[in-house]
Amino acid sequence: MDVVCHRDLKKTWPVFLASLLLFVGSGLLETVVSYRTSVTGYDSRTAGIVMTSFYVGFLFGTFLAPRLISQLRHDWTFRFYAVAVMLTAWLLGQSASPVEWSILQVLNGLSMGGIYVVIESWLNLQSRRRSRGFLFALYMMCWYAGLAMGQVSLSVGLEDLAGYFRIVCVAVGLSLVSLSHPLVRPPKGVILRPFRLSDLAEIRTTSLSGSFLIGVSIGCICGMAPVFAHTAGFSIQQVAYFCVAFIFGAAVFQFPLSWLGDRVERTRLKLFLALSCAMICLGGYWLPDGSFLPLLAGAFLIGGFSFPVYSLSVTDAYDNLKTTGAALSASAALLLVNGLGSAVGPFWCGLLMEHGNNGFFLLLLLAHLILAIHLASQIVFSKRNAIFRAARN
């Protein structure tokens, strides 16, 4: 770690700790909500709707957060949304119908969408070009670790699912304590304008397609993996291990792929990862439900090859931006596109799983295959345009 990275990390480590604790609570909350829809006897379509509701709220959160940040600053906006997550978690533990769950999931998604904008813009504004890639990779590691620890918490085996919702409230509450550290210095004097749809035109199409389709993949995995595992006959501990395998794989591969993405053409790297994921998902599609260890290995590889594509897409988009304001709007735009993909992922997955539990892997296969086709076409078009420009000169 060079001096610049060390200095920027010293300024922002309380933000990373707060993010880690918040993601522990968020990861456990989403897993418990998804698992509960399955064990209470509701079908896959209902589970898909409940989990999609989170990402519907997420979309609204990305729109509202910039205005709130400009009025409350980053630190107070984080506190506001974190308290909203705690309240939502408590209410989810008390509710008993899918309609109530869906409404509360919208509120939860709105809060988490705002928190993502707060954290990513905070880190972007308090980092320099030499440290931004390192800090963003560390942020993704906090996300992976938080989700993994949250999902592993499901294996504690509490008799009453309401106990898990109390654990969520404790984890999110601890994140507020971390943000009260004296070293916390939120960005000052930053004017954030509301996100406009025209901002999407300024971002590379490969970054947009990567954000959207990996959003579909992430939404499917985070929302429907517990449903798939429970329907496959796994125990509650096996459900937790299956879900955490995706996150563990992403954590293992995040730094190596980020390092490689700084040294090779990212579009080609994303093409390789998308094709690899598609092949693994094809294998998972044909595996019988009871094959726990092969499915566990497949989940590890899918997480490792799929999740880092989002960070590669974000970094690729930032490389083509010049001003801080543009970077902030790009962050909101990519989160919006990613949230849109995450919103439709669980719903589509639920529809496919009505015709068979392997519909879970079928959607993952289609998402990565479409991404690979788009990336390959962009590589071909770029090479053709380069040949035409050389011929004209």
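What follows draws every value from the coordinates through simple rules; no lab data is involved. Treat the numbers as computed from the prediction; the structure is a model and nothing was measured. Every residue, glycine as well, gets a Cβ built from its backbone with ideal geometry; the counts of neighbours run over all protein chains shown.
Two decimals, Cα atoms only, Kirkwood Rh: what is Rg/Rh over the range 217-263?
On the way: Rg = 13.6 Å, Rh = 11.8 Å.
Here the Rg-to-Rh quotient is 1.15.
Taking 0.36 nm per residue of separation and subtracting the Cα-Cα distance, full extension of the segment from residue 366 to residue 291 would add 24.8 nm. Neighbour counts of other Cβ atoms within 10 Å put 387, 247, 379, 280 in the fewest-to-most order 387, 379, 280, 247. Under a Gaussian network description of the chain, with springs only between Cα atoms under 10 Å, the residue in 42, 144, 318 that fluctuates furthest is 42. For the options 227, 314, 252, a Gaussian network treatment of the chain with springs between C-alpha atoms closer than 10 Å singles out 252 as fluctuating the most.
Please compute the length gained on full extension between residue 161 and residue 380, using 0.36 nm multiplied by the number of residues separating them and subtracting their Cα-Cα distance. If you can, show how the numbers build up before the last one.
Working: separation 219, 0.36 × 219 = 78.84 nm, distance 5.16 nm.
Taking 0.36 nm per residue and subtracting the Cα distance, the gain is 73.7 nm.
Based on DSSP H assignment, which helices of the chain show an axial Cα extent of at least 24 Å together with a mean Kyte-Doolittle hydropathy greater than or equal to 1.0? Kindly include the intermediate steps, with their values, before the conclusion.
Working: long enough: 3-39 (51 Å, 0.78); 44-94 (40 Å, 0.72); 98-125 (40 Å, 0.91); 129-152 (35 Å, 0.51); 162-178 (25 Å, 1.74); 205-231 (37 Å, 1.26); 236-261 (37 Å, 1.42); 266-286 (30 Å, 0.92); 324-353 (43 Å, 1.40); 359-392 (49 Å, 1.23).
Within the chain the helices that satisfy the rule are 162-178, 205-231, 236-261, 324-353, 359-392.
What does the helix-only formula give at 222 nm for the chain: each DSSP H stretch with n ≥ 4 adding -39500 (n - 2.57), the total divided by the residues, and the result rounded to the nearest 500 deg cm²/dmol? Don't skip to the answer; put the middle values down first.
Values: 12 runs with 321 residues, N = 393.
Helices in the chain give a 222 nm mean residue ellipticity of -29000 deg cm²/dmol.
Taking other Cβ atoms within 10 Å as a rough exposure proxy, 181, 230, 74 sort from fewest to most as 181, 230, 74.
Pop the C-beta distance of residue 387 and residue 264 into the FRET formula with R0 = 35 Å and round what comes out to the nearest 0.05. Write down the numbers at each step before the final one.
On the way: r = 21 Å, r/R0 = 0.61.
E(calc), rounded to 0.05, equals 0.95.
Each of 54, 242, 272 has some number of other Cβ atoms within 10 Å of its Cβ, and from fewest to most they run 272, 242, 54. Springs between Cα atoms under 10 Å define the GNM used for the chain, and in it the highest mean-square fluctuation of 163, 114, 27 occurs at 163.
Taking each pair of distinct Cα atoms in the chain once, what is the resulting Kirkwood hydrodynamic radius in Å? Before the final figure, lay out the partial values.
Working: mean 1/r = 0.0476 Å⁻¹.
With all distinct Cα pairs of the chain included, I get 21.0 Å.
Full extension of the chain between residue 45 and residue 351 gives 109.6 nm of extra length, using 0.36 nm per residue less the Cα-Cα distance.
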